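For reference, the structure discussed in these notes is given below.
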Amino acid sequence: MRRTPRLLTATLVALTLALAGCGSTPSATPTPTGSPADTFPVTVGGLTLSERPDRIVVLSPSLTETVFAVDAGPQVVAVDGLSNYPSNVPKTDLSTFKPNAEAIAKHQPDLVLLSNDIDNVVAQLRTLNIPTMLLPYTKTLDEAYQQINDIGKLTGHTAAAQALAERMRSDIDKLIAEVPRRDRNLTYYYELDATSFFSVTSNTFVGSLFTKAALVNIADPAGKDGNDFPQLSAEYIIKANPDLIFLANSKCCGQSWDTVSKRPGWGEISAVRNRQVIALDDDIASRWGPRIVDLLRAITKAAAEAPVG
Amino acid sequence: MSLTTEGVAAPSGHRPARLTARWLVAGVVTAVVAALAGLAIGPVPINPLGGAAELLNLIPGVDIHSGLTPQETAIVTRLRLPRVALGLLVGAMLALAGGCYQGVFRNPLADPYLLGVAAGAGLGATVAVTADAVFSPTVLPLFAFLGALLAVALTYALGAAGGGRVRTPTTLILAGVAVAAFLTAIQTYLQQRDVDAIREVYSWLLGRLAPSGWHEAQLLLPYAIVAGGVMLAHRRQLDVLSLGDDEAASLGVQPRRVRYLVVVAASLGTAAAVAVSGLIGFVGIIVPHTVRLLAGTTYRVILPLSALFGGAFLTLADLAARTVLSPSEIPLGVVTAFLGAPFFILVLRTATRVGL
């Protein structure tokens, strides 16, 4: 298991080169069926793994989605209690936000992936000589692709990760290209929670996706002081009169067109009048894994279907 | 036990004014037992005998076969041991500082956070976390420490300016209230602006012993020695001070000087403890009062015993924090209040009078 992959890869590469060199087979595509196995050791961001990890613990729902999407799922022994996608993840009670290094060590991981370094957990895991990689939430699409490639490299699935990132890139480009041009760019309000009107500006990762769909964020003026998650007032939202309302609180807090339209004064907002209140999947909207394509699809679909106000 | 409190609890009554050997031994034994429990128990079950062998192996020249895997050894010696040591130090510091504040201000409600230490440290920690996109464990203690000292200095300056001529304990306390409210407002504003940082700040605000190796204990130790030394050295003067300023002056004690020195030492010790552990409430109040109710009402008794029982209490509370809801942890401040409050009520009802 340890030595063969390198040999195998070398042989495959040699064979492919030989075939291509002959030039006698024009149909020979450079990618063989089934990507070549990765060779270890690999080094990513200062962390070197001498062997392919087979007991991975993931403590972040976004990272879990990516790990499974690059086909490293069978190597995962435990994920945190918030990871719920795909449905067959080995869910445990491990905590994302109040982690205990000893409890993580109990799973005897040979790689721990996490997004938040709370209570010095990274330093403690390294004390126990457990290879640990901190992959915080990404702020741009390029960072998201980079993170997917890093995860692919660490788990021994470089080719699958590259393919995934490429597929996402082309899907996203296609979605953006399909957004219809309008005389006036539509405005939107993005709602994070039910009662206090916290929103996001275009500076955030999710906000940047809306910008790509040619939508204008009504929260941007409120973020002038550098606050990317401003708290708006109901008055301001009603006055801004957005064409679209996106709810990132449909699952958590049961919000929908129904509840939004019943808020005092909200019935006059264009988005409510025209029923352009879109309930997003809370989970997808708050993560930065491969499903950002689904999120962008929901956004561009709404942008395309909205009636010209 | 020596829980004989009928009626009035005069300092010279049934409970001795001086620290008895019996109570001193009880304090040391409790601290040692708490430390051993903290080392033996955790989310991962480890043979305590093997753990003990590995601890002895840390002494140069000792080499016992423990039968533990390298990972189990690392859990005992590099995760639990620094954590227990930090618990003993932080608990001792907070309880000692609480006892001193109560003595200096002659106020049973005084706690180590009275003069704005908590608010200042909280603001410092918030700034450290929000300014740094990636949370840096080394910057936070420094910022929290500076914030705490800044807050106390501000309280002192305002307390003096507000009083005009005399800085009475009451003006100081009120200045502390104002400073704390002001700094907490800034802290809350910064947190609201930065939802990414809020979890990290929140975890810190609720208190936790999560050292990265020996780093935190090393940071705290020099302050603990100096501040703890100054506080303990003034235990007699605090007793004299409890007779009133005039009486104390006639006995050759300078009330203002003693007060100043003790408050500075207590604030410094608290600031250092808070910097490495976050805001752990309740220890500074219940431990000194429990000692007062059980062992004796003089500061010669209260201060040394508060340090010992404070360390023991926090170590046990942390043991509960990391095991009860394993594999996740409970904020330490939640545990100290949850365990401490009922226990304190029990002591209050058993012993009849509180004498300050």
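Read the figures in this text as sums done on the coordinates, not as results from a lab. Just so we're clear, the structure is a prediction, and the values are computed from it rather than from any experiment. Cβ placement follows ideal geometry from the backbone for every residue including glycine, while neighbour counts extend to all protein chains displayed.
Mind putting together the pair-distance distribution for the range A:33-166? All Cα pairs, 5 Å bins, whole percent per bin, short to long.
Spelled out per bin, shortest first, that is 2, 11, 22, 25, 22, 13, 4, 1, 0.
Determine ³J(HN,Hα), in whole Hz, for all residues of the range A:124-139 in sequence, where each value follows from phi through the Karplus function 6.51 cos²θ - 1.76 cosθ + 1.60 and θ = phi - 60°; x replaces Gly and Pro.
5, 5, 5, 4, 8, 6, 9, x, 10, 10, 8, 10, x, 5, 8, 9
Going by how many other beta carbons lie within 10 Å of each one, how would you line up A:Arg181, A:Arg273, B:Arg322, A:Arg297, fewest first?
Starting with the residue having the fewest Cβ neighbours, the order is A:Arg181, A:Arg273, A:Arg297, B:Arg322.
Near the amide H of A:Val216, under 5 Å away, which other amide H atoms are found, from residues 5 or more places off or on another chain, if H is placed in the peptide plane?
Amide H neighbours of A:Val216, under 5 Å, 5+ apart: A:Leu186, A:Thr187, A:Tyr188.
Counting other beta carbons within 10 Å of each Cβ, put A:Phe68, A:Phe40 in order, fewest first.
Arranged by neighbour count, lowest to highest, A:Phe68, A:Phe40 become A:Phe40, A:Phe68.
Looking at the range A:182-305, what % of its DSSP beta bridges pair antiparallel, to the nearest 5?
10
Taking every DSSP beta bridge that has both residues in the protein assembly as shown, what percent is antiparallel when rounded to the nearest 5?
20
For A:102-109, what's the mean count of beta carbons from other chains sitting within 10 Å of each residue's beta carbon?
Mean number of neighbouring Cβ atoms from other chains: 6.
Just tell me how shielded A:112-119 is by partners: mean number of partner chain Cβ atoms within 10 Å of each residue's Cβ, no decimals.
4
Which lysines, on any chain, are close to A:Lys174 with Cα under 24 Å apart, when same-chain ones fewer than 8 places away are left out?
A:Lys139, A:Lys212, A:Lys301
Quote the convex hull volume per residue of chain A, based on C-alpha atoms, as a whole number of Å³.
It comes to 163 Å³ per residue, whole-number rounded.
Please give every one of the lysines within straight-line cross-link reach of A:Lys98, meaning a C-alpha to C-alpha distance under 18 Å, and leave out same-chain neighbours fewer than 8 residues apart.
Partners within reach: A:Lys106.
What is the Cα centroid distance between the range A:68-123 and the range B:41-113, reported in whole angstrom?
Cα centroid to Cα centroid, the span is 27 Å.
Per residue Cα convex hull volume for the range A:260-309, in cubic angstrom?
Expressed per residue, the convex hull around the Cα atoms of the range A:260-309 is 76 Å³.
Along each principal axis of its Cα atoms, how long is the range B:198-243 end to end? Whole angstroms, biggest number first, please.
Taking max minus min along each principal axis of the Cα atoms, the range B:198-243 gives 47, 23, 11 Å.
Grab every C-alpha pair in the range B:234-286, bin the distances at 10 angstrom width from 0 up to the longest one, and report whole percents.
All Cα pairs, binned at 10 Å, distribute as 23, 39, 26, 12, 0 percent.
Alpha carbons only, please: Rg and Dmax for the protein assembly as shown, in angstrom.
Over the protein assembly as shown's Cα set, Rg and Dmax evaluate to 30.3, 111 Å.
In whole Hz and in residue order, list the ³J(HN,Hα) couplings for the range B:173-182 that follow from phi through the Karplus curve 6.51 cos²θ - 1.76 cosθ + 1.60, θ = phi - 60°; x for Gly and Pro.
4, 5, 4, x, 4, 5, 4, 4, 4, 5
Where does each of B:101-114, A:220-233 land if you order them by average Cβ count within 10 Å, highest first?
B:101-114, A:220-233
Among B:Val258, B:Val301, B:Ile280, whose Cα lies farthest out toward the positive end of the dipole of the range B:200-322, if unit charges sit on the beta carbon of Lys, Arg (+1) and Asp, Glu (-1)?
Ranked along the dipole, the leading option is B:Val301.
Kirkwood Rh and Cα-based Rg: tell me the resulting Rg over Rh for the range A:182-305, rounded to two decimals.
Dividing the radius of gyration by the Kirkwood radius yields 0.92.
Kindly put B:Leu251, A:Leu82 in sequence by how many other C-beta atoms sit within 10 Å of each C-beta, fewest to most.
Ranked by crowding around the Cβ, least crowded first: B:Leu251, A:Leu82.
If amide hydrogens are placed 1.01 Å from N in the peptide plane, which non-local residues have theirs closer than 5 Å to the one on A:Leu111?
Distant-sequence amide H within range of A:Leu111: A:Arg55, A:Val57.
Go from 0 up to the bin containing the longest alpha carbon distance in the range B:167-220, width 5 Å each, and give me the % of pairs per bin.
Reading the bins upward from 0: 4, 15, 15, 15, 15, 17, 13, 6, 1.
Per-residue Cβ counts within 10 Å, from other chains only, averaged over B:314-323: what number is that?
Shielding by partners across B:314-323 averages 1.
Kindly provide the Kirkwood hydrodynamic radius of chain B in Å, to one decimal, from all pairs of distinct alpha carbon atoms.
For chain B, the Kirkwood estimate is 21.1 Å.
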